[in-house]
Each structure stands twice: as C-alpha cells, then as structure tokens.
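Shown next, in structure tokens, is the structure this report addresses.
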Amino acid sequence: MSLALHNVHHWSRTEYERLVDAGVFAVDARVELLDGAIIDMSPQKSAHATAVGLVEEALRPCMDDSCHIRSQKPLALDDRSEPEPDLAIVPGQLRDYAQSHPDTALLIVEVADTSLGYDQGTKARAYARNGIAEYWILNLRDRVLEVYPEVDRQGYGQRCLIDADGQIAPLMSPECVIRVHDLMP
C-alpha cells in the first residue's frame, strides 16, 4: 500500500487497529499512525539500530521500578496518533500494558538521520500536544542531542543542542548523568 493511499482518509486509532488486526499490512511492514495519517517508516540503517541500543543501555541505569523502557513499540497518544518512538520510558511495569498501550511517557527519544525533519516537526508537535514532559532527538546527521525539556500543549518552548562532548541527565532522574558521546554509534 502506498503512502498516498494511506493518507486519503484521516484514520482514528480504532480504525488503524482494525486494519492491523485484519492483516492489511504485511507482517514486516513498518508503519505508524500520527495525526490521522498512516506513515510508512524507512527501514533502519545500521547506525540507527546501533544508536537505539546505545541509548537504551545508557538510560537503563537511570530508571527505578516505577517505570520501564519500551523500544519501538506503540504509544497510544490520542484518538488519531499511535506512533512507535525509538525509545519511550513509560510509567509502570510491562504487564501493566498487556491490554492496552501506554498513553504517556516520561521521556521519548527518537534517533534521527533520514527522519530528522519529521521528528523535529510532526512528531514533536504530537508529543507536545499530548503532554510528553521530555523529548530528545539523537541527531545522527549533526552528531548532537536535541533536547526539548519544556512543554505545554502548544509545543516545546525551547530546543537545547548538546554536542558529543556534552552531558545530559533526564528530568525524571537528574542524578543520572549520561555522556552524549556514549549515545553515538
């Protein structure tokens, strides 16, 4: 199915889930629902996949038992959006989401190379609109971490760029300092 066909109709999450359940998409299809559009996602390059693993390794020590990491799994943001962020730290434990996907996250991290504009624009607006408190983009093109720490329903108020020599601590765990270099493939 082409991207143009996906976007003819503005899909709700319920309709999207019915399409998935009906097997409309190939088993290996990489698609997500965002703002009512079904988006074809690019295949992952090696650097992207490596970076996702490095970010997960770096964030794991920052977490306690009150949350867990979801890697490339759906987040049920609202009725028209069910993106699959590269990493999301969500409240609760794995079994808490056996019947439905989480609808919020403490931190979302997207790894971006070819998807940079999409992650900075459409995804950032959707995450902000749904109150995601902290959003990071690991920008592989420019080798910087883009941090969006202040949110209101209108968007993220600022963007901080941290180069590979810098450090970051997630808002949820300010004592946990991560070197940006350690996130880069």
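The values are calculated or read from the model by the stated rules, or taken from the named source; none is laboratory data. All values reported here derive from a predicted model rather than from experimental measurement. Note that we place each Cβ from the backbone using ideal geometry, even for glycine, and neighbour counts take in every protein chain shown.
Being of a type outside the set (Gly, Ala, Ser), surrounded by fewer than 17 Cβ atoms within 10 Å (Cβ to Cβ) and within 20 Å of GLY155 (Cα to Cα) holds for only one residue in ASP64, ASP96, ASP78, and it is ASP78. Filtering region 159-185 to residues that are in contact (Cβ under 8 Å) with a residue 60 or more places away in the chain and part of a helix (DSSP H, G or I) leaves ASP182, LEU183.
Here ALA76 fits the description: touching a residue at least 60 places away in the same chain (Cβ under 8 Å) and of a type in the set (Gly, Ala, Ser). All conditions but one from (1) in contact with a Cys (Cβ under 6 Å, 6 or more places away or on another chain); (2) under 20 Å from LEU183 (Cα atoms) apply to ASP86; the one that does not is (1).
Residue selection: SER71 fails the criterion of being in contact with a strand residue (DSSP E or B) (Cβ under 9 Å, 6 or more places away or on another chain), buried (at least 17 other Cβ atoms within 10 Å of the Cβ), in contact (Cβ under 8 Å) with a residue 12 or more places away in the chain and of a type in the set (S, T, N, Q). Identify, please: which residue in region 107-156 is surrounded by 16 or more Cβ atoms within 10 Å (Cβ to Cβ) and among the polar types (S, T, N, Q) and is, among those, nearest to MET184 (Cα to Cα)? Here the residue is ASN139. When GLN167 is tested against the conditions (1) at pLDDT below 95; (2) in contact with a strand residue (DSSP E or B) (Cβ under 9 Å, 6 or more places away or on another chain), the lone failure is (1). A search for C-beta distances below 8 Å between a residue of region 126-148 that is free of Cβ contacts under 8 Å to residues at least 24 places away in the same chain and farther than 13 Å from ALA88 by Cα and any residue that is acidic (Asp, Glu) and crowded, with 18+ Cβ neighbours inside 10 Å, counting only pairs 6+ apart in sequence or on different chains, returns VAL147/GLU134.
Each row is one residue, and each column tells you yes or no for (1) at pLDDT below 95; (2) of a type in the set (Asp, Glu); (3) over 16 Å from ALA133 (Cα atoms).
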position	(1), (2), (3)
LEU54	no, no, yes
ARG60	no, no, yes
ILE69	no, no, no
GLU82	yes, yes, yes
PRO85	no, no, no
VAL90	no, no, no
GLN99	no, no, yes
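Exactly one residue out of TYR127, TYR97 is under 16 Å from LEU33 (Cβ atoms), out of contact with any Lys or Arg (no Cβ under 6 Å at 6 or more places or on another chain) and of a type in the set (Phe, Trp, Tyr): that is TYR127.
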